[in-house]
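The values are calculated or read from the model by the stated rules, or taken from the named source; none is laboratory data. In this text the structure is predicted, and so the values were computed from the model without any measurement. Neighbour counts run over all protein chains shown; Cβ positions are idealised from the backbone, glycine included. These accessible areas exclude ligands, DNA and RNA; they are computed on the full protein's heavy atoms, side chains included. Shrake-Rupley method; radii C 1.70, N 1.55, O 1.52, S 1.80 Å.
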Amino acid sequence: MEQQDLELIAAHMGHDEELKALWEEHVGFEKILERYSGKAALSPAEDLEVKEYKKKKLAGKTRIQALLEKYKKQEG
């Protein structure tokens, strides 16, 4: 994510519960995916889990981006 986006998230997390929850979920998915990326090989079940986490992370990021666009328009 771009620095400007990270700054917007930090500025609005305190009063936007949805943004806060989405961001915390996003960070959690990143940590989980980092653990999987450290493995030399994934089992088929692990590979499926990684794909699911990536889908969830992308869906959350899409929603975060929509919220950030709203804030960017408000701020001019």
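Tell me the helices (runs of 4 or more DSSP H) entirely within the chain that contain at least 3 residues that are hydroxyl-bearing (Ser, Thr, Tyr). So that I can check it myself, show each step before the final result.
Details: elements: 3-12, 17-37, 44-75.
Ranges flagged: 44-75.
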Criterion (under 16 Å from MET1 (Cα atoms), open to solvent by 60 Å² or more (accessible area, probe 1.4 Å) and touching a His at 6+ places or on another chain (Cβ under 7 Å)) met by exactly one of LYS31, LYS61 | LYS61
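For segment 7-21, name all the residues that are under 15 Å from GLU75 (Cβ atoms) and loosely packed, with under 15 Cβ neighbours inside 10 Å.
Filtering segment 7-21 down to residues under 15 Å from GLU75 (Cβ atoms) leaves 7-12, 15-16, 19.
GLU7, ALA10, ALA11, HIS15 - these are the residues of segment 7-21 that are under 15 Å from GLU75 (Cβ atoms) and loosely packed, with under 15 Cβ neighbours inside 10 Å.
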Number of positions in segment 58-76 that are in contact (Cβ under 8 Å) with a residue 12 or more places away in the chain and more than 15 Å from the chain's Cα centre (by Cα) = 2
